[in-house]
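One structure below.
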Amino acid sequence: MTSNERQKKIIRLLDKRRKDTMEHLSIEFHVSTDTISRDIATLNEDYPIKIVRGRNGGLSHPAGTHWSR
């Protein structure tokens, strides 16, 4: 899977789930958390992904928005 394909799937998953973690996504896509972090940084240029760091942190899809890619 290319990074572009993975990023499209990440957007679809966040659109559906509304919240997830980099760790969970790294397990799901069989890549490192660093790879997911780079993907999120790239995606964040076009999509307002909320990133919360720390124990209860994660990635979230802002309420009231819908992404289609």
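Each reported figure results from applying straightforward, stated rules to the coordinates on display, with no laboratory input. Predicted, not measured: the structure shown is a model, and the values here were computed from it. Please note: Cβ atoms are built from the backbone with ideal geometry, for glycine as well, and neighbour counts cover all protein chains shown.
Quick rundown of the values:
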{"quantity": "Single residue of segment 18-59 satisfying the filter (among the basic types (Lys, Arg) and part of a loop (DSSP other than H, G, I, E, B)) that is surrounded by the most Cβ atoms within 10 Å (Cβ to Cβ)", "calculated": "18"}
{"quantity": "Filter result for residue 15 (among the acidic types (Asp, Glu) and either buried (at least 17 other Cβ atoms within 10 Å of the Cβ) or touching a Cys at 6+ places or on another chain (Cβ under 9 Å) (or both))", "calculated": "no"}
{"quantity": "Matching residues, segment 1-16, being in a helix (DSSP H, G or I) and in contact (Cβ under 8 Å) with a residue 24 or more places away in the chain", "calculated": "3, 6, 7, 8, 10, 11, 12, 14, 15"}
